[in-house]
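Visitor: Let me give you the structure first, and then I'll get to my questions.
The values are calculated or read from the model by the stated rules, or taken from the named source; none is laboratory data. Quantities reported herein were computed from a predicted structural model and do not represent experimental measurements. FYI the Cβ positions are ideal-geometry reconstructions off the backbone, even for glycines, and counts take in every protein chain you see.
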2 protein chains.
Amino acid sequence: AIIPDQGHSCSDSPHKGYVCRTTYSLKSPVFGGFSHQLYHQSSSLVEEELDPFSLVADELSLLSNKLREMVLAEVPKLASAAEYFFKRGVQGKQFRSTILLLMATALNVRVPEALIGESTDIVTSELRVRQRGIAEITEMIHVASLLHDDVLDDADTRRGVGSLNVVMGNKMSVLAGDFLLSRACGALAALKNTEVVALLATAVEHLVTGETMEITSSTEQRYSMDYYMQKTYYKTASLISNSCKAVAVLTGQTAEVAVLAFEYGRNLGLAFQLIDDILDFTGTSASLGKGSLSDIRHGVITAPILFAMEEFPQLREVVDQVEKDPRNVDIALEYLGKSKGIQRARELAMEHANLAAAAIGSLPETDNEDVKRSRRALIDLTHRVITRNK
Amino acid sequence: AIIPDQGHSCSDSPHKGYVCRTTYSLKSPVFGGFSHQLYHQSSSLVEEELDPFSLVADELSLLSNKLREMVLAEVPKLASAAEYFFKRGVQGKQFRSTILLLMATALNVRVPEALIGESTDIVTSELRVRQRGIAEITEMIHVASLLHDDVLDDADTRRGVGSLNVVMGNKMSVLAGDFLLSRACGALAALKNTEVVALLATAVEHLVTGETMEITSSTEQRYSMDYYMQKTYYKTASLISNSCKAVAVLTGQTAEVAVLAFEYGRNLGLAFQLIDDILDFTGTSASLGKGSLSDIRHGVITAPILFAMEEFPQLREVVDQVEKDPRNVDIALEYLGKSKGIQRARELAMEHANLAAAAIGSLPETDNEDVKRSRRALIDLTHRVITRNK
């Protein structure tokens with residue numbers, strides 16, 4: 001199995017995200033073996049079968065209602081554009097909110113009396129409202145980036161419906177994205193914690209940097225795994241890792257715990273996107289809610305192809321010609337099928353899923369059942385991210 | 001002269017901006033006379049001839065250099081896009097930074113010892129650096145909105161050069177705008193004052209709301225002076241008023257002084273935009289740095305035409321047809337020429353310039369020469385806004 005050579009020098013500040021200079025050749029089996037073992041070992045931790053999403057379902061609907069209020073704009077057309085992806089049925093998996101609500105409980109080692117006595121109905125402590133605030137802000141930032149990305153990519157569908165740029169035009173999509181960013185910035189201010197503002201502002205900047213890396217990469221960069229992983233961190237994992245850390249900061253946790261929360265978010269995000277990129281080859285348009293094979297058709301080179309190129313260097317020439325002659329997509333898929341590209345990409349995703357699970361495993365001990373259940377749910381998410389088919 | 005009937009009910013919170021239900025018919029001459037008198041009276045306050053921009057010239061260049069550092073992006077193409085309007089020669093008038101630097105001194109009634117002893121070279125007190133931070137953030141927000149507006153309006157030129165969307169394309173313009181917003185949000189966080197974050201986040205939201213009001217207005221709204229003034233507040237005055245207030249908040253000023261700073265910014269911004277809209281009829285493309293008559297050609301109805309319509313109701317029909325048949329622009333200009341439209345718009349601008357000057361006149365007394373000079377410069381700006389021809 002391949003695992004980023006932990007011995008290799010990574011930039012000391014994890015907040016820089018994924019800037020390790022690493023080689024992706026097959027590493028020592030024993031280390032590879034360890035990663036598999038950890039992965040299976042951690043899954044035995046999951047005594048009772050629990051669904052992370054249902055654990056926070058009540059709070060997710062509370063959060064969705066609050067978000068629909070938060071995106072209400074004075075001007076009707078701006079309101080309907082901003083609310084477009086917060087309406088019931090098109091909110092998507094609410095993956096980020098689920099992570100953050102679970103993380104909020106998982107870090108509440110000093111859970112206030114009021115929480116412990118509560119049954120499973122929604123806790124309303126002031127701290128909990130502020131932690132939910134991070135999830136609301138993260139969803140607004142996430143949707144803002146989707147609206148702008150779809151304008152840039154001229155996308156037709158999103159979450160199984162028409163993209164906003166198709167339904168209301170590019171102008172309203174750009175404005176609605178800016179509107180959501182300004183509401184997120186305002187909501188951040190209301191949390192009265194400038195470290196949290198800085199974390200989420202960094203995440204917004206990374207989204208823009210990642211998108212720019214995708215559309216302005218040189219040929220060398222397009223075929224570099226490091227460039228792909230750094231872009232993937234910026235485009236997907238940074239928002240998850242920085243918002244996880246923001247929850248820890250709001251909870252008043254130690255710097256060590258805040259870094260563990262960050263590491264969980266970073267690795268889960270990388271695993272999530274690696275699987276997304278695999279599904280673009282293996283999933284169907286229907287299951288994905290967006291066109292499949294869209295990456296390679298748009299000249300976006302992802303992990304499966306990058307790994308396949310290590311085995312078949314001539315694949316690079318084929319991929320170069322895709323935009324000129326779409327028939328090259330089929331030739332590229334043939335090479336991919338003959339290679340271990342998909343398998344190696346999946347193993348890399350599993351490595352990051354393991355690292356995410358390990359970060360939860362390293363959190364300070366607790367005997368609070370709520371906290372333990374949330375941590376198991378966070379670990380369970382690291383499995384679901386791998387095994388999902390959409 | 002026309003003056004918003006101050007007796008009319010305005011929303012109690014000035015931060016809502018311009019939401020007074022007002023009528024713009026000719027009001028009582030005596031009240032009109034007062035406004036003229038205040039305007040002339042205040043101009044005699046200006047003992048020595050001083051140029052507001054040269055008063056802060058050194059600090060403006062310091063600020064420009066800092067801004068060029070602040071917009072440095074990791075990805076080269078994003079860096080050159082984000083820096084595009086911060087390069088020497090295309091920074092525009094730096095009108096907002098000039099206002100904020102003058103306001104910072106004008107409010108420093110308790111000017112620290114270190115400042116008074118200084119000659120006119122740049123003061124480096126920690127408070128001053130934070131006040132300059134507001135100006136840097138305001139310029140980043142302003143340029144971000146220009147980049148997105150030019151994508152929405154398909155603009156060709158800006159500040160006398162090619163617009164960024166023409167030079168680098170819509171994608172990089174949208175991304176550079178988002179990048180500047182995220183850097184502004186991050187810089188706001190660094191000021192560690194969440195009231196200031198909230199003020200500037202509101203200003204960003206108002207920019208988006210104003211732009212949306214412009215592109216989604218109903219026919220009724222297009223021909224309403226209230227709608228036009230509210231949109232003008234959101235699109236132009238809100239950023240100036242909220243950043244002026246942010247400077248006051250950072251200086252630790254009283255709520256009353258903060259409202260005076262807000263009122264100065266609000267009224268100066270309204271006056272500025274009213275004159276901008278007049279210049280679109282009377283200025284030349286060369287002097288404006290952007291195409292003239294662009295508003296009416298794009299179906300944007302501004303004060304001169306709204307006032308002319310009060311005298312010639314048939315002008316509405318003509319303006320309605322402009323987009324179908326551009327020859328209607330000439331017919332509209334004929335009506336405008338026969339009407340008092342331009343004059344009444346200029347008088348309205350002067351009313352707001354007076355209100356801005358009056359806000360400065362109401363600041364607590366001071367005998368500090370630096371503070372007094374800055375206040376005179378702020379009042380001088382209220383004249384220049386009216387008399388400028390570009």
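Visitor: With the requirement that a residue be over 23 Å from the mean Cα position of the chain (by Cα), within 16 Å of residue A:56 (Cβ to Cβ) and in contact (Cβ under 8 Å) with a residue 12 or more places away in the chain, what does region A:360-385 give you?
Guide: Correct list: A:370 only.
Visitor: What is the one condition in (1) more than 14 Å from chain B (Cβ to nearest Cβ); (2) under 27 Å from residue B:75 (Cα atoms) that residue A:260 does not satisfy?
Guide: Going through the list (1) more than 14 Å from chain B (Cβ to nearest Cβ); (2) under 27 Å from residue B:75 (Cα atoms), residue A:260 breaks only (2).
Visitor: Let me ask something additional. For region A:353-390, name all the residues that are of a type outside the set (A, V, I, L, M, F, W, C), within 17 Å of residue A:279 (Cα to Cα) and touching a Ser or Thr at 6+ places or on another chain (Cβ under 9 Å).
Guide: Scanning region A:353-390 gives A:382, A:383, A:389, A:390.
Visitor: Report those helices (runs of 4 or more DSSP H) wholly inside region B:252-341 carrying at least 2 residues which are within 30 Å of residue B:364 (Cβ to Cβ).
Guide: Fully inside region B:252-341 and qualifying: B:255-282.
Visitor: Which residues, taken from region A:73-82, are surrounded by fewer than 20 Cβ atoms within 10 Å (Cβ to Cβ) and at pLDDT 85 or above?
Guide: If the condition is that a residue be surrounded by fewer than 20 Cβ atoms within 10 Å (Cβ to Cβ) and at pLDDT 85 or above, then A:76, A:77, A:79, A:80 are the ones that fit.
Visitor: Checking residue B:367 against (1) outside any loop (DSSP other than H, G, I, E, B); (2) within 30 Å of residue B:103 (Cβ to Cβ), which test does it fail?
Guide: Unmet for residue B:367, out of (1) outside any loop (DSSP other than H, G, I, E, B); (2) within 30 Å of residue B:103 (Cβ to Cβ): (1).
Visitor: Given (1) modelled with pLDDT under 80; (2) under 20 Å from residue B:374 (Cβ atoms), identify the lone condition not met by residue B:105.
Guide: (1)
Visitor: If you scan region B:344-373, which residues turn out to be modelled with pLDDT under 95 and hydroxyl-bearing (Ser, Thr, Tyr)?
Guide: Scanning region B:344-373 gives a single hit, B:366.
Visitor: Further question: Collect the residues in region B:143-176 that are within 14 Å of another protein chain (Cβ to nearest Cβ), free of Cβ contacts under 8 Å to residues at least 40 places away in the same chain and outside any helix (DSSP H, G or I), keeping them in residue-number order.
Guide: Answer for region B:143-176, where residues must be within 14 Å of another protein chain (Cβ to nearest Cβ), free of Cβ contacts under 8 Å to residues at least 40 places away in the same chain and outside any helix (DSSP H, G or I): just B:154.
Visitor: Quick one: in region B:69-79, of everything that is within 19 Å of residue A:231 (Cα to Cα) and in contact (Cβ under 8 Å) with a residue 12 or more places away in the chain, which residue is farthest from the other protein chains (Cβ to nearest Cβ)?
Guide: B:73
Visitor: Grab the helices (runs of 4 or more DSSP H) fully contained in region A:178-249, keeping just those with 1 or more residues being within 11 Å of chain B (Cβ to nearest Cβ), in contact (Cβ under 8 Å) with a residue 24 or more places away in the chain and surrounded by fewer than 20 Cβ atoms within 10 Å (Cβ to Cβ).
Guide: Once the helices (runs of 4 or more DSSP H) in region A:178-249 are filtered for at least 1 residues that are within 11 Å of chain B (Cβ to nearest Cβ), in contact (Cβ under 8 Å) with a residue 24 or more places away in the chain and surrounded by fewer than 20 Cβ atoms within 10 Å (Cβ to Cβ), what remains is A:194-215.
Visitor: Can you name the residue in region A:128-137 that is within 14 Å of chain B (Cβ to nearest Cβ) and not hydrophobic (A, V, I, L, M, F, W, C) and is also surrounded by the fewest Cβ atoms within 10 Å (Cβ to Cβ) among such residues?
Guide: A:130
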